[in-house]
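Coordinate-derived values only; no laboratory data. Keep in mind it's a predicted model, so treat the numbers as computed, not measured. We place every Cβ from the backbone using ideal geometry, glycine too, and count neighbours over all the protein chains shown.
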Amino acid sequence: MAETEIRDMFVIRLRNAYAMENQALGMMRPQLSRLEHYPEVAAKLERHIGETEDQVKRLERILEDMDENYLNLKDTILSFAGPTTVMSHASVDDKVLKDALTDFAFENYEIAAYKSLMTIADAGNFGDAKDALQETLAKEQSMAKWLDDNLPAVTRKFLLMWEGDAPAARPGDPRSAHDGDHA
């Protein structure tokens, strides 16, 4: 592959990653309001939102260093909607569990995207960018591991709340303050 083709591909993938991280923020921020009964999940999610905001800034710096614009992303955002649309409609009635499953899937999608980006960075000798991407990959892997480790506990807590008839646990329950919310 020619050097310019690798660079073009790298820039496209960086823009996709930028759109992906903004999509992640759009998915995570509304989840916080549904986590009143899951304070440990809310605390971890808040930290990861901060990490994701930092990741967006790293991607902006990489693109700026390459004299590329990251603001014209209409096509990128639209092209990224496909994988996330499927994940956002997982067949889980409870929003907290649905969010946890979607987040786990999305984190693993991000891990794959960053591994691919780093491979392209190697091929194009974009060493400075690769270091920043490696930092982001480590954060995504950490969050995916945390979700993997904690999904059973979140599910058990949901089941206990359901059994105890806690309003927040019952999908469709009119007593649930967040029933109309969607991830």
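The table below lists the values:
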quantity: Taking the stretch 3-157 and dividing mean pair separation by its residue count, relative contact order in percent (alpha carbons under 8 Å, at least six apart); calculated: 29 percent
quantity: Residue list for the stretch 22-37, given a label point 7 angstrom along the Cα-to-Cβ vector of residue 156 and an amide N cut-off under 19 Å; calculated: 37
quantity: Pairwise label distance in nanometres, residue 148 with residue 12, each label 7 Å out on the Cα-Cβ vector; calculated: 3.0 nm
quantity: Footprinting exposure proxy for 47, 15 (fewest neighbouring C-beta atoms within 10 Å first); calculated: 47, 15
quantity: Sorted by Cβ density within 10 Å, fewest first, the residues 136, 119; calculated: 119, 136
